[in-house]
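There's a structure below that I have some questions on.
The values are calculated or read from the model by the stated rules, or taken from the named source; none is laboratory data. Remember, predicted model here, so these are calculated numbers, not experimental data. Counting neighbours? That spans all protein chains shown, and the Cβs are built from the backbone with ideal geometry, glycine included. For accessibility, only protein heavy atoms count, side chains too; no ligands or nucleic acids. Shrake-Rupley method; radii C 1.70, N 1.55, O 1.52, S 1.80 Å.
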Amino acid sequence: MRALLAVVALLIAAPAAGAATNPWIETTPLDIAHQGGEDEFPSNTMYAFERSMQVGADMLELDVGVTRDGQVVVMHDTTVDRTTNGHGTVASFTLKQLRKLDAAYWFSGGANAYRHDRARPAYRLRGVATGKRRPPKGFTAADFRVPTLKEVMSAFPHTPINVEIKGRTKAEALAEYLTNADALARTLKSTKRRDLIVVSFKQEAVDRFHQLVPALPVAPGIGGAANWLLGGTSPGDGVVAFQLPITYVLGDQTLQITTKDNVARAHSEGYAWHTWLSDDGETPTIWGSLLDMGVDGVMTAKPKEFAALLRKRGLGHELHGKPPTR
């Protein structure tokens, strides 16, 4: 498989990008709130996005899918089961139906923050969305429901946002990703913002979006990243940053992806490097190793803790924008 990817990659021309012209290459790494910081705040809610910015995040990371009536909404999973009081795929709901769900229903915080077997008091934000519990000061019930992408962009006009295109059935078929890429393109085609990065695991979805909205920057999918890592060629048109894990399991091999050499190479070719940590775990030791490698951003489920580490190491932030005022 690796050999095949390398051969295919060598057939692709590699345009050079200038590091000096890429604003995503940072002297201080960005604290990127993955799902809004899903270990500290309820995943992909307006409450999470606001709170993560308050505690030190520089950038938001979120995931999008499309409802039955064609609305682009923010949720990580294929189904609503893990985080809400509902059941079924995102694509099986209309937006109006999604609005009735409690997006913080199973949030308890900390490790395994969405377990369903904890005592009821552990779910301290359950019921805010439905009016059964008073919202925290400064927030409303709507901040605990499933938001649309347009709502997030409107609420955070000066905050860089990373948008991941997901599929929306258990089949995870390519056609689903392409359909969602089309819907996202329709949503973003008229935006004048350039502080967004669009990404997907499916390279075809990234390519489709870039074809439709070439003005917005993208990060490569698995195919584009493999082209660059294994074949030494282009990760794809419009790419400004790699967004990759520390390690990647391929068959019986564990490949080291985020390394000091790979980060340095990316920078020399004009690409930024963001690391996500879902499979590698999150500890101060791991974060510190990434900082030592010179990454430009860390997609963390713990933006408050990561911000504290940055302060401890004396690293001031170079923000693309300012935290929003609500």
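Can you name every residue in segment 271-286 that is hydrophobic (A, V, I, L, M, F, W, C) and at pLDDT 95 or above?
Selection gives ALA272, TRP273, TRP276, ILE286.
Among the candidates GLU172, GLU176, single out the residue that is touching a Lys or Arg at 6+ places or on another chain (Cβ under 6 Å) and either open to solvent by less than 10 Å² (accessible area, probe 1.4 Å) or modelled with pLDDT under 95 (or both).
Exactly one residue qualifies, and that residue is GLU176.
Hey, does segment 195-204 have a residue that's modelled with pLDDT of 95 or more, more than 16 Å from the chain's Cα centre (by Cα) and under 30 Å from GLY88 (Cα atoms)?
There is at least one residue in segment 195-204 that is modelled with pLDDT of 95 or more, more than 16 Å from the chain's Cα centre (by Cα) and under 30 Å from GLY88 (Cα atoms).
Could you check THR148 against (1) open to solvent by less than 10 Å² (accessible area, probe 1.4 Å); (2) modelled with pLDDT of 95 or more and say which number it fails?
Tallying (1) open to solvent by less than 10 Å² (accessible area, probe 1.4 Å); (2) modelled with pLDDT of 95 or more, THR148 fails exactly one: (1).
Another question, if that's okay. Take the residues in segment 283-302 that are charged (D, E, K, R) and in contact (Cβ under 8 Å) with a residue 40 or more places away in the chain, then tell me which one is surrounded by the fewest Cβ atoms within 10 Å (Cβ to Cβ).
Among those residues, the one meeting the criterion is ASP296.
Could you pull out the residue among ALA215, ALA226, ALA308 that is of a type outside the set (D, E, K, R) and either part of a strand (DSSP E or B) or without any contact (Cβ under 8 Å) to a residue 40 or more places away in the chain (or both)?
ALA215
Can you find, within segment 29-50, the residue that is surrounded by the fewest Cβ atoms within 10 Å (Cβ to Cβ) among those that are over 19 Å from THR84 (Cα atoms) and touching a Pro at 6+ places or on another chain (Cβ under 9 Å)?
Taking the candidates together, the pick is GLU50.
Let me ask something else. Show the residue pairs meeting these rules: Cβ distance below 6 Å; 6+ apart or different chains; first residue within segment 252-267 and closer than 19 Å to GLU26 by Cβ and in a helix (DSSP H, G or I); second residue open to solvent by less than 40 Å² (accessible area, probe 1.4 Å) and not basic (Lys, Arg).
What qualifies is VAL263/TRP273; VAL263/GLY294; VAL263/VAL295; ALA266/PHE242; ALA266/TRP273.
Can you name the number of the only condition in (1) crowded, with 20+ Cβ neighbours inside 10 Å; (2) within 19 Å of ALA33 (Cβ to Cβ) that HIS158 fails?
(1) is the only condition that HIS158 fails.
Let me ask something else about it. Quick check on segment 54-65: of everything there that is over 14 Å from GLN35 (Cα atoms) and out of contact with any Leu (no Cβ under 8 Å at 6 or more places or on another chain), which residue is most open to solvent (accessible area, probe 1.4 Å)?
Across segment 54-65, the extreme among qualifying residues is GLN54.
ILE161: in contact with a Gly (Cβ under 9 Å, 6 or more places away or on another chain) and aliphatic (A, V, I, L, M), yes or no?
Answer is no for this residue.
Now a separate question. Select the helices (runs of 4 or more DSSP H) contained entirely in segment 100-212, then report the ones holding at least 1 residues which are closer than 15 Å to THR45 by Cβ and of a type in the set (Gly, Ala, Ser).
Here the list reads 149-155.
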